[in-house]
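Q: Sharing a structure here in structure tokens format.
Every number here is computed from the coordinates shown, using simple stated rules; none is lab data. Here the structure is a predicted model, which is why all the values come from computation and not from measurement. Cβ coordinates were reconstructed from backbone atoms using ideal geometry, including for glycine residues, and neighbour counts include every protein chain displayed.
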Ligand code: 0L1
Ligand code: MG
């Protein structure tokens, strides 16, 4: 059940997207509309996506967030959420991230999937995801909540496109049948020091479960994950704060490494 009018959805979408594009803090949307629910929040997120499409921005994929215990504990929330990836979020492996385009970035080590067949919920499970997966690859997501100090509630963060801002993909890919994703070790280094460690199973027991959850959530709206979709499945560890001058490197067993410099 939604509580906002179309005009209110449009107003919040303009407000949050402007904060994203201008790298400035936003007031929590629930401060303005305390009765907003999940349906309203996704309506705002979809309106932000439409604003970008209308300007010629292409969609590059989808992301699932808050999928690990470490992330849920870090943010004090209990439910995974999803968001979209726009083309300009993509940055090359080993490249620079312009820190002044962001508010207070954090990095997350993730396993990314690319599908080769559509997935439509309900009823999608790990097995159907693996059968529909073309390949997986290592990724770092750079999140940048528009809310001050990353303090938000679930409704506010969904409206803010799940804090999405940039991502970097590694160049080494693997077929899902060739690796044991649950047991893949993940090491994140900042300026050469290990800051986080984890294993693939931290993401809902298996990273493919995150894709299944996404297909089932989208299925509730009558939508599917089309073939050829890139999906970031969520941080394996807690997110790590980065500052201008930092170098980040993430190594994922059997999938190689991915790195970037915050300039
Ligand atoms: O990708 C994520 O897990 C982030 C989701 C949004 C919550 C946050 O900003 O930490
Ligand atoms: Mg993430």
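Q: Quick check: from the Cα gyration tensor, does region 112-202 come out rounded (a/c under 1.5), prolate or oblate?
A: Numbers: a/c = 2.14, a/b = 1.24, b/c = 1.73.
The shape class here is oblate.
Q: How would you classify region 34-83 from its alpha-carbon gyration tensor, with a ≥ b ≥ c the square roots of the eigenvalues: rounded for a/c under 1.5, else prolate if a/b is greater than b/c, otherwise oblate?
A: On the way: a/c = 3.71, a/b = 1.57, b/c = 2.36.
In terms of gyration-tensor shape, oblate.
Q: Next question. Kindly identify region 39-177 as rounded, prolate or oblate by the Cα gyration tensor criterion: order the square roots of the eigenvalues as a ≥ b ≥ c, call it rounded if a/c is under 1.5, otherwise compare a/b with b/c, prolate if a/b is larger, else oblate. Walk me through the intermediate numbers first.
A: On the way: a/c = 1.38, a/b = 1.21, b/c = 1.14.
Rounded, because the longest to shortest axis ratio a/c is under 1.5.
Q: Can you tell me which of 138, 122, 80 moves the most in a GNM of the chain? Springs connect C-alpha atoms under 10 Å apart.
A: Of 138, 122, 80, the most mobile in the Gaussian network model is 122.
Q: Go ahead and estimate [θ] at 222 nm for the chain from helices alone: -39,500 (n - 2.57) per DSSP H run with n ≥ 4, summed, over the residue count, rounded to 500.
A: Values: 7 runs with 70 residues, N = 263.
Calculated from helices alone, the mean residue ellipticity at 222 nm is -8000 deg cm²/dmol.
Q: Express in nm, to one decimal, how much length is gained between residue 178 and residue 253 on full extension, taking 0.36 nm for each residue of separation and deducting their alpha carbon distance.
A: Working: separation 75, 0.36 × 75 = 27.00 nm, distance 1.23 nm.
Gain on extension, residue 178 to residue 253, equals 25.8 nm.
Q: Would you work out the relative contact order for region 165-204, in percent, from Cα pairs under 8 angstrom that are 6 or more residues apart? Spell out each step's value before the answer.
A: Numbers: 31 pairs, mean separation 13.0, N = 40.
Here the relative contact order equals 33 percent.
Q: Follow-up. Region 1-76: percent of C-alpha pairs farther apart than 17 Å?
A: Working: 1578 of 2850 pairs.
Tail fraction, whole percent: 55.
Q: If each residue's Cβ is checked for other Cβ atoms within 10 Å, how do 263, 236 rank with the fewest at the top? Spell out each step's value before the answer.
A: Numbers: 263 12, 236 28.
Ranking 263, 236 by Cβ neighbours within 10 Å, fewest first, gives 263, 236.
Q: Give me the percent relative contact order of the chain, please, defined on Cα pairs under 8 angstrom at least 6 residues apart.
A: On the way: 619 pairs, mean separation 70.8, N = 263.
Once normalised by length, the contact order is 27 percent.
Q: Using the per-residue mean of other Cβ atoms lying within 10 Å as a proxy for protection, in what order, highest first, do the peptides 22-31, 162-171 fall? Could the numbers behind the result be given before it?
A: Details: 22-31: 16.2, 162-171: 22.2.
Ranking the peptides 22-31, 162-171 by packing returns 162-171, 22-31.
Q: Report the FRET efficiency, 1/(1 + (r/R0)^6), for residue 73 and residue 243, where r is their Cβ-Cβ distance and R0 is 25 Å, rounded to 0.05.
A: Details: r = 23 Å, r/R0 = 0.93.
So, using R0 = 25 Å, E works out to roughly 0.60.
Q: Please report the antiparallel percentage of the DSSP beta bridges confined to the chain, to the nearest 5. Intermediate values should be presented prior to the final figure.
A: Details: 46 of 55 bridges.
DSSP beta bridges in the chain are roughly 85 percent antiparallel.
Q: Hey, another quick one. Could you give log10 I(q)/I(0) at q = 0.19 Å⁻¹ for region 137-263, computed by the Debye formula over C-alpha point scatterers of equal weight, without solvent?
A: -1.25
Q: While we're here: Please tell me the relative contact order of region 114-187 in percent, rounded to the nearest whole number, where contacts are Cα pairs under 8 Å and at least six residues apart.
A: Values: 73 pairs, mean separation 26.0, N = 74.
Reported as a whole number, the value is 35 percent.
Q: Could I ask something else about it? Out of every Cα pair in the chain, what percent are spaced more than 29 Å from each other?
A: Details: 8724 of 34453 pairs.
It works out to 25 percent of all Cα pairs.
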